[in-house]
1. Do you know which residues across the stretch 169-198 are under 21 Å from Glu95 (Cα atoms) and of a type in the set (Gly, Ala, Ser)?
2. In the set Leu192, Leu236, which member is surrounded by 18 or more Cβ atoms within 10 Å (Cβ to Cβ), touching a residue at least 12 places away in the same chain (Cβ under 8 Å) and closer than 18 Å to Ile57 by Cα?
3. Please go through the stretch 198-233 and pick out each residue that is hydroxyl-bearing (Ser, Thr, Tyr) and either within 13 Å of the ligand (Cβ to nearest atom) or open to solvent by less than 10 Å² (accessible area, probe 1.4 Å) (or both).
4. Select from the stretch 1-31 the residues that are among the hydrophobic types (A, V, I, L, M, F, W, C) and closer than 10 Å to Val50 by Cβ and list them in ascending order.
5. Name every residue in the stretch 172-197 that is within 16 Å of the ligand (Cβ to nearest atom) and among the charged types (D, E, K, R), in order of residue number.
6. Provide a single number: the residues in the stretch 55-69 that are out of contact with any Ser or Thr (no Cβ under 7 Å at 6 or more places or on another chain), surrounded by fewer than 21 Cβ atoms within 10 Å (Cβ to Cβ) and without any contact (Cβ under 8 Å) to a residue 40 or more places away in the chain.
7. Which of the residues that make up the stretch 1-19 are open to solvent by 20 Å² or more (accessible area, probe 1.4 Å) and either touching a helix residue (DSSP H, G or I) at 6+ places or on another chain (Cβ under 8 Å) or farther than 25 Å from Arg205 by Cα (or both)?
8. Among the residues of the stretch 119-131, count how many are away from the ligand (no atom under 16 Å from the Cβ) and touching a residue at least 40 places away in the same chain (Cβ under 8 Å).
Amino acid sequence: MPLRPYIVGNWKMHGTRAMLSEARAIDRAAQRHMKVEVAIAPPYTLIHPVHREAEQIVVGAQDCHDQESGAHTGEVSAPMLADAGAKFVILGHSERRQGHGENDALVRDKAQAAFNAGLRVIMCCGETEKTRDAGRAVAHVKKQLKASLPEGIEDAAEKLTVAYEPIWAIGTGKTATTDDIAEMHGEIRKLLITLFGEEAGSEIRILYGGSVKPENAGEILSVTDVGGALVGGASLTADSFMGIALAAGETEEG
Ligand code: PEP
């Protein structure tokens with residue numbers, strides 16, 4: 001059976017305890033949209049508070065360290081996230097790859113650490129505008145994704161989600177065309193089938209991310225092989241975030 005559309009909010013470095021009321025509002029609304037899996041990845045400091053209060057939404061993290069524990073000042077490990085109530089972790093986000101120098105090998109080690117701790121992984125991939133303009137977007141994304149995934153992931157359809165996020169579309173108000181999204185998601189699907197076999201490879205959800213809003217969500221989410229959205233800016237208020245979840249639910253009915 002196909003998995004439900006997955007709408008994930010990445011709060012990035014936004015949110016103090018005052019934002020818990022927004023998380024509560026998202027949780028209440030999610031209870032009315034059971035056809036959609038709704039999740040948020042708040043900053044580390046809000047993972048446990050959101051986990052304690054949420055009845056419906058799933059809470060996750062935006063990164064983790066590749067080691068279980070040790071002398072790594074300022075870092076947070078995957079077992080710590082699981083202990084705080086996180087069920088998944090976003091890895092390989094372009095803001096970490098570009099802003100924190102994370103390469104594919106490190107992202108892959110982080111993913112292995114997350115799986116070892118029982119977390120699900122949302123693995124991000126995406127190209128720069130320069131790479132797209134040079135006609136190398138598909139080749140770049142497939143290479144990056146393959147190199148970022150550990151080998152032999154068990155129950156891959158359940159444990160792994162891929163998020164295609166063109167870097168030039170993140171936080172810019174620009175979105176990829178539906179043709180470009182269809183092409184990229186189709187290519188990612190082929191790669192996942194090669195890596196994980198027909199059954200799991202066909203079921204793994206591939207999210208689109210990059211300036212998704214309630215106004216464009218219906219169109220994007222109805223593209224073949226788009227299994228949900230990874231949402232930054234528009235996930236910070238319950239109104240706009242749940243507008244996207246509603247569009248996902250309607251796509252599901254259609
Ligand atoms: C993101 O950072 O994952 C993202 C998609 O951001 P935005 O929705 O703000 O473009």
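The values are calculated or read from the model by the stated rules, or taken from the named source; none is laboratory data. Note that the structure is predicted; figures quoted are calculated from it, not measured. Cβ coordinates were reconstructed from backbone atoms using ideal geometry, including for glycine residues, and neighbour counts include every protein chain displayed. These accessible areas exclude ligands, DNA and RNA; they are computed on the full protein's heavy atoms, side chains included. Shrake-Rupley method; radii C 1.70, N 1.55, O 1.52, S 1.80 Å.
1. Selection gives Ala169, Gly171, Gly173, Ala176.
2. Values: Leu192 fails: closer than 18 Å to Ile57 by Cα.
Within the list Leu192, Leu236, the selection yields Leu236.
3. Kept after step one, since they are hydroxyl-bearing (Ser, Thr, Tyr), are these residues of the stretch 198-233: 202, 208, 211, 222, 224.
If the condition is that a residue be hydroxyl-bearing (Ser, Thr, Tyr) and either within 13 Å of the ligand (Cβ to nearest atom) or open to solvent by less than 10 Å² (accessible area, probe 1.4 Å) (or both), then Tyr208, Ser211 are the ones that fit.
4. As a first pass, look at the stretch 1-31 and keep what is among the hydrophobic types (A, V, I, L, M, F, W, C): 1, 3, 7-8, 11, 13, 18-20, 23, 25-26, 29-30.
Selection gives Trp11, Met19, Leu20, Ala23, Ile26.
5. Matches in the stretch 172-197: Lys174, Asp180.
6. 3
7. So in the stretch 1-19, the residues open to solvent by 20 Å² or more (accessible area, probe 1.4 Å) come out as 1-4, 12-19.
Those that are open to solvent by 20 Å² or more (accessible area, probe 1.4 Å) and either touching a helix residue (DSSP H, G or I) at 6+ places or on another chain (Cβ under 8 Å) or farther than 25 Å from Arg205 by Cα (or both): Pro2, Leu3, Arg4, Lys12, Met13, His14, Gly15, Thr16, Arg17, Ala18, Met19.
8. Here is the first cut: in the stretch 119-131, the residues away from the ligand (no atom under 16 Å from the Cβ) are 119-120, 130-131.
In the following step, the residues that additionally are touching a residue at least 40 places away in the same chain (Cβ under 8 Å) were identified as 119-120.
The qualifying residues number 2.
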